[in-house]
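*Asks:* Got a structure for you, written out below as structure tokens; questions coming shortly.
The values are calculated or read from the model by the stated rules, or taken from the named source; none is laboratory data. Everything quoted here is computed from the prediction, not taken from an experiment. Using ideal geometry, Cβ is built from the backbone for each residue, glycine included, and neighbour counts are taken over all protein chains shown.
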Amino acid sequence: MHKYEIIIFWSKENNAFIAEVPELTNLMAHGETANKALENAQTAIDLWIQVAKQEGIVIPEPKGKLIFA
């Protein structure tokens, strides 16, 4: 499990919970429940890191607290 901050919120527009990972560019996931959104975000983080490694993209170290507020 990665230690990137994940922000989960309800989206009325999408009728789903959204899980956003601000430290990883454009990384979001969704789910019918907050737990499912979190699970999907962890999977998306794994895939993001895998592709970043293949493409030579710098993978940021997790900061562990909200730095974008």
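*Asks:* Taking segment 12-46, which residues are in a helix (DSSP H, G or I) and over 12 Å from residue 2 (Cα atoms)?
*Replies:* 34, 35, 36, 37, 40
Every residue, every condition in (1) at pLDDT 95 or above; (2) of a type in the set (Gly, Ala, Ser), yes or no:
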residue	(1), (2)
26	no, no
31	yes, yes
34	yes, yes
47	yes, no
51	yes, no
56	yes, yes
60	no, no
65	no, no
68	no, no
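*Asks:* Okay, moving on. Restricting to segment 47-65, and then to whatever is more than 14 Å from residue 4 (Cβ to Cβ) and β-branched (Val, Ile, Thr), can you tell me which residue is surrounded by the fewest Cβ atoms within 10 Å (Cβ to Cβ)?
*Replies:* 58
*Asks:* Considering only residues that are of a type outside the set (A, V, I, L, M, F, W, C) and over 9 Å from residue 17 (Cα atoms), which ones fall in segment 36-52?
*Replies:* Residues satisfying the conditions are 39, 40, 42, 43, 46, 50.
*Asks:* Residues of segment 3-28 being loosely packed, with under 13 Cβ neighbours inside 10 Å and either closer than 18 Å to residue 47 by Cβ or touching a Cys at 6+ places or on another chain (Cβ under 9 Å) (or both), which ones?
*Replies:* Correct list: 3, 25, 26.
*Asks:* Here's a follow-up. Show the residue pairs that are 6+ apart or on different chains and have beta-carbon atoms under 9 Å apart, the first residue being within segment 33-50 and free of Cβ contacts under 8 Å to residues at least 12 places away in the same chain, the second being of a type outside the set (Val, Ile, Thr).
*Replies:* From residues that are free of Cβ contacts under 8 Å to residues at least 12 places away in the same chain, the pairs are 35/17; 39/19; 39/29; 39/31.
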